[in-house]
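Worksheet: the structure to be examined is printed underneath.
The values are calculated or read from the model by the stated rules, or taken from the named source; none is laboratory data. On a predicted model such as this, the values are computed, not experimentally measured, just so you know. Don't worry about glycine lacking a Cβ; one is built from the backbone with ideal geometry, like all the others, and counts go over all protein chains shown. Side chains included, ligands, DNA and RNA excluded: accessible areas come from the protein's heavy atoms. Shrake-Rupley method; radii C 1.70, N 1.55, O 1.52, S 1.80 Å.
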Amino acid sequence: MLLCASLSGCVILENLDEVSILGDYSREKDDQHRLVKAIDDHYDALTKAIDQNHINDSKNEADFLHSFGEPIQKKYLSDGKERWLYRYAIYRFAKDKVYVYFDHDGKMVKWERLPCPKFF
């Protein structure tokens, strides 16, 4: 019995790295799920503001970030404007996307809501 107990401890110690990696993976997955939920919640808040005609309440980048969080993507355009993309975090669940445009002073100049094309 003593031999069995001591051997099982060795097996656990031998696999400690693998157990540790699995624990890290689990924590990373939890972080990923929280991030996806936050992105989706921000998108839902944005589309609700659009549906209720309140999108123009956020007139600059700082207000927009405070109300709707970081966009999925920021792109600088050749005309000096910046375009922000909001949609669901996982593309296959995205029904549509919202582009918000800011001028070089950070003021919102327009927005558009477009359907997401499906590739599968």
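Return yes or no: is Leu77 in contact with a strand residue (DSSP E or B) (Cβ under 8 Å, 6 or more places away or on another chain) and open to solvent by less than 30 Å² (accessible area, probe 1.4 Å)? Give the steps one after another, and end with the answer.
Values: in contact with a strand residue (DSSP E or B) (Cβ under 8 Å, 6 or more places away or on another chain): yes; open to solvent by less than 30 Å² (accessible area, probe 1.4 Å): no.
Against the criterion (in contact with a strand residue (DSSP E or B) (Cβ under 8 Å, 6 or more places away or on another chain) and open to solvent by less than 30 Å² (accessible area, probe 1.4 Å)), Leu77 does not qualify.
Give, as residue ranges, the helices (runs of 4 or more DSSP H) completely inside the stretch 1-74 that count at least 2 residues that are at pLDDT below 95 and under 30 Å from His104 (Cβ atoms). Reasoning before the result, please.
On the way: elements: 2-14, 16-51, 61-68.
Filter on the stretch 1-74 gives 16-51, 61-68.
Which ones in the stretch 49-74 are exposed (fewer than 13 other Cβ atoms within 10 Å of the Cβ) and either hydroxyl-bearing (Ser, Thr, Tyr) or under 20 Å from His33 (Cα atoms) (or both)?
Residue satisfying the conditions is Gln73 alone.
Please enumerate the residues belonging to the stretch 87-100 that are within 13 Å of Ile55 (Cα to Cα) and either loosely packed, with under 11 Cβ neighbours inside 10 Å or touching a residue at least 24 places away in the same chain (Cβ under 8 Å) (or both). Outline the logic, then answer.
Let us first name the residues in the stretch 87-100 that are within 13 Å of Ile55 (Cα to Cα), namely 98-100.
Answer for the stretch 87-100, where residues must be within 13 Å of Ile55 (Cα to Cα) and either loosely packed, with under 11 Cβ neighbours inside 10 Å or touching a residue at least 24 places away in the same chain (Cβ under 8 Å) (or both): Val98, Val100.
Can you tell me which condition Phe93 does not meet? The list is (1) farther than 23 Å from Arg34 by Cα; (2) of a type outside the set (D, E, K, R); (3) within 21 Å of the chain's Cα centre (by Cα), and all the others hold.
Failed condition: (1).
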